[in-house]
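The values are calculated or read from the model by the stated rules, or taken from the named source; none is laboratory data. If you're wondering where the values come from, they're calculated on a predicted model, not measured in any experiment. Cβ sites come from the backbone with ideal geometry, for glycine too, and all protein chains shown count toward neighbours. Protein only, heavy atoms only, side chains kept; ligands, DNA and RNA dropped before computing areas. Shrake-Rupley method; radii C 1.70, N 1.55, O 1.52, S 1.80 Å.
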Amino acid sequence: MKQIIHFLLLISFLCSCSGGNRTKIDQNHNTIFSYNNNSLKSVEISMYRTNSIRVQPELINVYFEQSEIEKIKSWIMNTTNATTSISSSINSIFLYKFIYQGLNNIEEEKMLVYVIDQNNDVFIHQISADTLRKINSFDTFQEKDRSTILSYIGEDDWYKTNDLIMN
């Protein structure tokens with residue numbers, strides 16, 4: 001009888017582990033979709049550039065007009081809901097800072113990394129404040145830094161998306 005109970009507990013544990021990974025993926029994607037929020041106030045885009053004398057990543061654009069915000073929110077909603085791994089052949093790395101109007105006029109921020117690979121495929125990955133501190137501290141950016149930045153973010157849990165085109 002004890003062996004049957006242990007066997008059932010083991011099966012229950014294994015089932016919860018395999019389902020847990022799927023839940024994590026669903027939760028991550030729900031979090032990606034949460035970037036499409038009515039309180040979105042602005043989006044700041046920074047890029048790592050090898051030919052710049054500025055601290056990296058370099059702020060290249062800020063979107064705050066309502067039409068721009070709506071386009072960005074629509075773009076987020078068109079992201080695939082399955083995670084994937086990215087290749088090591090990344091050509092460009094951007095940081096997208098989503099700024100929201102929170103309660104009591106306190107701003108809240110969420111961060112995405114946006115990469116373009118050598119095939120011009122686009123992927124996004126949400127990052128934590130801790131990861132942001134690690135990748136947001138380059139005085140200059142060299143080609144060798146690309147792999148360091150990607151190692152901090154990780155190769156897994158990326159979402160394939162379309163290129164965000166703002167006119």
Of residues in the range 26-50 being small (Gly, Ala, Ser) and either modelled with pLDDT of 90 or more or not in a loop (DSSP other than H, G, I, E, B) (or both), the one farthest from Val115 (Cα to Cα): Ser42
Leu164 part of a loop (DSSP other than H, G, I, E, B), of a type outside the set (Ser, Thr, Tyr), open to solvent by less than 30 Å² (accessible area, probe 1.4 Å) and at negative phi: yes
Asp130 vs. criteria open to solvent by 20 Å² or more (accessible area, probe 1.4 Å) and closer than 21 Å to Thr31 by Cα: yes
Any hit, the range 87-105, residues being within 19 Å of Arg146 (Cα to Cα), open to solvent by 60 Å² or more (accessible area, probe 1.4 Å) and more than 17 Å from the chain's Cα centre (by Cα): no
Qualifying residue in the range 109-120 (condition: in a loop (DSSP other than H, G, I, E, B) and open to solvent by less than 60 Å² (accessible area, probe 1.4 Å)): no
Subset of the range 53-86 that is open to solvent by less than 50 Å² (accessible area, probe 1.4 Å) and part of a strand (DSSP E or B) - its residue that is nearest to Asp145 (Cα to Cα): Gln56
Selection status of Lys97, closer than 20 Å to Phe33 by Cα, modelled with pLDDT of 90 or more and part of a strand (DSSP E or B): yes
Filtered residues of the range 63-104 (kept if farther than 20 Å from Lys41 by Cα, hydroxyl-bearing (Ser, Thr, Tyr) and in contact (Cβ under 8 Å) with a residue 60 or more places away in the chain): Thr79, Thr80, Thr83, Thr84, Ser85, Ser88
